[in-house]
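Report on the following structure.
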Amino acid sequence: MEIIRIENIHKRFGDLEVLKGIDFVANKGEVITIIGSSGSGKSTLLRCMNHLEKADQGRIHCDCRIGMVFQNFNLFPHKSVIENLIEAPIIVKKIPRQQAIEFSMGLLAKVGLTDKRDAYPCQLSGGQKQRVAIARALAMEPQLMLFDEPTSALDPQLIGEVLQVMKKLAEEHMTMIVVTHEMNFAREVSDRVIYMDNGVIVVDGPPEEVLVDPKIPELRTFLNLDR
Amino acid sequence: MDVSYVTSIIGFILQGTGITMKVYVVTIVCSIPLGILFALGKLCPFRPLQYLLAAYTWVFRGTPLLLQLFFAYYGLPVFGIEFQPLMAAYVTFVLNYAAYFTEIFRAGIQSIEVGQYEASKALGMNYLQTMRRIILPQATKVILPPMGNEAINLVKDTALCAALSIPEILRNAKVTVARDFSIEAYFVAAVLYLLLTFVIIRVFRELEKRYGYYN
């Protein structure tokens, strides 16, 4: 079952055409990783999906709720962890406060941070912040989760705990689209890997096909396979 | 200094404190919401509104408050608008301070990083929800120090009302000095202003402490 369909998306920033006609479909339960060098348009594509960027041309079909996790977490610094989680459910979905708290505590348990419920973001490590950010996105009960380089701002020793949570989500059949540089995650967890270069999708296939011994020279260079 | 003389004049000058505080409270209560509103207007993409508000802040920050007071009281009747002195002071002070607050709030709102807007939008919050729940509370922390400055300035600016013969602290002190040929009344006035600014300083110190719970 299709969860999001993108047709012929174009996006330019000034003179620079960042997306040059992207077609793309994600099905329910799929975990898709998007790889490519910086400037290839992968983050822009992700941000077009939930309308943080307005595509200049093309169509996006999606009538599900989309959650998003950012590279820089973007937690609300003036709110405690639990307040970060319950804010949108209460304000947007009009869920009663007590019910929102109960649901959010379940999510905090899932990301292993129940003991941090009353902490403020500035008191957390990067890995903890990102796990809170994931829980905050899940609090809105999205059907599709977008991850924009979720581990790129983290110290190496903190990356594992975030990937662990994402892996758990994948096992629960959450539909996920992940822009990442973590090739091991892409290989182990994703159903499809998309390689983008210069504003177009160059390859879209199962991880073993895209990552193990691809034929395209640019992709081989990107993956460092020809040394 | 003659203590019995000072006690005899203090009641009259304290009456002026009531008027001073009235002007103060009316100005704060009206100009802060106006400032927020105008700041949001300045940040909205509708160009004519931006120009209008830029002209407004330029005029009110770019001319002396005393001149604005004279204009409101002596000038506006030419256009058929007549105010009692106190009302002229209210209107002038509110518009003048709202102009400063507009700029302070605008800068405060702009200091909040774009990621906060994006996170709010990604969570489904609309513009008003984002402003009210996410942006303005954070901007408030940022603007407290400059707001504290303005709050102290306002205490002293209320003395300009003396120029419209409004019986506030300075006016009553001046009347006393002229009547008794003795300058003690000015000292009394100075002490009253110091007491008022002391309270304001404490209030803002408390507010900054209260907002200090996060970085």
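The table for this structure:
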quantity: Every pair of residues 6+ apart whose Cβ atoms lie under 8 Å, when the first sits in region A:83-94 and is under 19 Å from A:Asp118 (Cβ atoms) while the second is of a type in the set (Phe, Trp, Tyr) and buried (at least 18 other Cβ atoms within 10 Å of the Cβ); calculated: A:Glu83/A:Phe76; A:Asn84/A:Phe76; A:Glu87/A:Phe76
quantity: Residues within region A:61-94 that are farther than 29 Å from B:Val142 by Cα, surrounded by fewer than 20 Cβ atoms within 10 Å (Cβ to Cβ) and either within 11 Å of another protein chain (Cβ to nearest Cβ) or modelled with pLDDT of 95 or more (or both), tallied; calculated: 3
quantity: Every residue from region B:166-190 that is surrounded by 13 or more Cβ atoms within 10 Å (Cβ to Cβ) and either in contact with a Cys (Cβ under 6 Å, 6 or more places away or on another chain) or aliphatic (A, V, I, L, M) (or both); calculated: B:Ile166, B:Glu168, B:Ile169, B:Leu170, B:Ala173, B:Val175, B:Val177, B:Ala185, B:Val188, B:Ala189, B:Ala190
quantity: Lone qualifier among B:Leu86, B:Leu34, B:Leu52 - being closer than 25 Å to B:Tyr193 by Cβ and part of a helix (DSSP H, G or I); calculated: B:Leu86
quantity: Test result for B:Ala89, surrounded by 19 or more Cβ atoms within 10 Å (Cβ to Cβ), within 21 Å of B:Ala72 (Cβ to Cβ) and small (Gly, Ala, Ser); calculated: yes
quantity: Among the residues listed as B:Ile81, B:Ile152, B:Ile112, B:Ile104, the single one being more than 14 Å from chain A (Cβ to nearest Cβ) and outside any helix (DSSP H, G or I); calculated: B:Ile81
quantity: The lone exception for B:Glu150 - which of (1) surrounded by fewer than 16 Cβ atoms within 10 Å (Cβ to Cβ); (2) touching a residue at least 24 places away in the same chain (Cβ under 8 Å); (3) over 30 Å from A:Arg47 (Cα atoms) it fails; calculated: (1)
quantity: Whichever residue in region A:107-126 is without any contact (Cβ under 8 Å) to a residue 40 or more places away in the chain and more than 21 Å from the chain's Cα centre (by Cα) and, among such residues, is farthest from the other protein chains (Cβ to nearest Cβ); calculated: A:Thr114
quantity: Answer residue from region A:1-58, given it is part of a loop (DSSP other than H, G, I, E, B) and more than 30 Å from A:Lys167 (Cβ to Cβ) and is nearest to the other protein chains (Cβ to nearest Cβ) among those; calculated: A:Lys54
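The values are calculated or read from the model by the stated rules, or taken from the named source; none is laboratory data. Computed from a predicted structure; not experimentally measured. A quick note on method: Cβ atoms are made from the backbone with ideal geometry, for glycine too, and the neighbour counts reach across all protein chains shown.
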